[in-house]
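The block underneath contains the structure these notes are about, expressed in structure tokens.
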Amino acid sequence: MYYTQNCGFVVILPTAWMSRRRKGLKGKRMFDKYYLKRTLITFLTVLLTVGIIIYIAYHIAGSFGATLQLSDAVYESVTRVLDTDGYVMRHEKVLYASHAQSGSVTPSVQDGTRLGIYDKAADIYDNTLPDVQARIREIDEQIALLEDSRTEKVSVVNTSGLEAAIFNNVQDIRLMVENRSYGDATTMRSTLLVNILKRDILKGTMTDYNDQLAALQAEKRNLTLQLGACLETVYAPVSGYYYADTDGYESIFSADGIDSMSYESFMAMIGTDPAEANRSTVTVGKMVTDYRWYLACPVSKKEAAELEDGRTYAITFPYNGNKVIHMKLYSVIPALPGEDAVLVFVSGTIPENFDYTRMQPVQIGTVEYTGFRVPVSAVRVIDDCEGVYVLDQVTVRFRRVNIVYEGDGYYICTGGEPDENAVYPWIQMNDVIITEGVNLYEGKVITGKDM
């Protein structure tokens, strides 16, 4: 019998009941012990399984990473590009009205049109209406294009070619707008409209150009009436190429002094504000009196050393829809003393629809490199020799290279004269370059698992 006290009372518990209670507590402790053991075994099993999976995946990935990437050694040419600013210099003469002190200027010809002495350049009207003037200029461009199209043989024109031209016109306009070449975009719009008219004529929806020309001329007459009375007609005082816009730099960046220009005088030009009109009458435009024009580009002497006097270089003008013009290096003007210089280029051609903004970014193609294009990651250094691995049938061989140019993620490499005594021969045309691979070494035999 067992005695226990609870709230002042003595309770007598049977011995058999207490014995069963002790056995129950012992069984519970054994159950907890077995449960923990099974849990630990399960955890270790899962951990081991995950480890095996990771190990297998690692080796599978490694087998894929070991796949060889190959490329034939063929010649390729790249050009080093020098980015700088270009300053346009021309022989320019500003045109003024003889007596009209105000009014709107309406050019009689398109920009770049060659005028003889005393040819009509522009009219000056009483009212200043920029939108009307812009539309009149656009009409003049379209009339000129249509007049040229009238003499074009229809047999050499086809609708598919015009469709392609229209598509290219639209793309060019989009690019010009992105580059903020709004003047060029307006000119290209006229070309686009004329191409659309030509396509309509070929398709039979229009009979000829006469109706469209008559409509444009009538529209021009009506717009001209809005400008009021004609105050003055201005004629070219000299022969040359007419341009309607002026920027005040005509006398500053003048090509008249190109042969005597020094580095210091050029830098002074850059720092000079545009000149104000020295006449009280209306500025009508300017005449460019020489077909030759110049481009002055400030660079470092190190960059200038890459170019040769008298050689022609391809220069890209991003503000002109990335138009490329080939210009001859006229002179190199060094700073004395100093580390800088000015490159002066000259061109004898007047490009069509070209924006002669005084200062604009340019890209000069300086040096052309020809060799084998090789990824940077494929070039190795073995025994102080730079080279690449090539695949000679099924055997890996090391070939030396001479790096002449580094581009974005690649080298242009050349080889050398064959040398039978060389430990590692030079790379040669049509060698199969291993551009990607692991665990490569001279003499390794490639098996199926490597491929």
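A compact table of results
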item	result
Residue-normalised accessible area of region 400-451, expressed per residue, 1.4 Å probe, Å²	63
Region 328-451, accessible surface, carbon-and-sulfur percent (1.4 angstrom probe)	46
Accessible area per residue, Å², region 264-382 with all protein chains present, probe 1.4 Å	49
Cross-link pairs K286/K328; K120/K220; K302/K328; K93/K120 - those with Cα-Cα distance over 23 Å	K286/K328
Carbon/sulfur fraction of accessible area - region 68-121, other protein chains in place, 1.4 Å, %	43
Rotationally averaged projected area of region 285-402 (alpha carbon convex hull; nm²)	12.7
Residues whose placed amide H lies under 5 Å from that of A121, excluding near-sequence neighbours	V234, Y235, A236
Residue-by-residue Karplus 3J(HN,Hα) for region 297-312, coefficients 6.51, -1.76, 1.60, Hz, glycine and proline x	10, x, 9, 8, 5, 5, 5, 5, 5, 7, 10, 10, 4, x, 8, 8
Convex hull volume of region 239-316 per residue (C-alpha atoms, cubic angstrom)	146
Net lengthening on full extension, R380/S280 (0.36 nm per residue, minus Cα-Cα)	28.8 nm
Apportionment of accessible area to carbon and sulfur, region 248-295, percent (1.4 Å)	46
Region 353-440, Cα convex hull volume normalised per residue, Å³	159
Phi-based couplings in Hz for region 110-125 (Karplus 6.51, -1.76, 1.60; Gly and Pro marked x)	7, 4, x, 6, 7, 10, x, 4, 6, 6, 5, 9, 6, 10, 10, 10
Dipole in debye (nearest 20) - region 284-376, about Cα centre, beta carbon charges: Lys, Arg +1; Asp, Glu -1	160
Net dipole in debye of region 322-440 [+1 Lys, Arg Cβ; -1 Asp, Glu Cβ; about Cα centre; nearest 20]	360
Accessible area of R189 in the full protein assembly, 1.4 Å probe (Å², nearest 10)	100
Kirkwood Rh in Å, taken over region 285-339 so that all alpha-carbon pairs contribute	13.4
Net charge contributed by nearby residues that have their C-beta within less than 13 Å of L307 (K/R +1, D/E -1)	0
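The values are calculated or read from the model by the stated rules, or taken from the named source; none is laboratory data. Here the structure is a predicted model, which means the values were calculated and not measured. Methodologically, a virtual Cβ is constructed for each residue, glycine included, from the backbone with ideal geometry; neighbour enumeration extends over all protein chains shown. All accessible areas refer to the heavy atoms of the entire protein, side chains included, with ligands and DNA or RNA removed. Shrake-Rupley method; radii C 1.70, N 1.55, O 1.52, S 1.80 Å.
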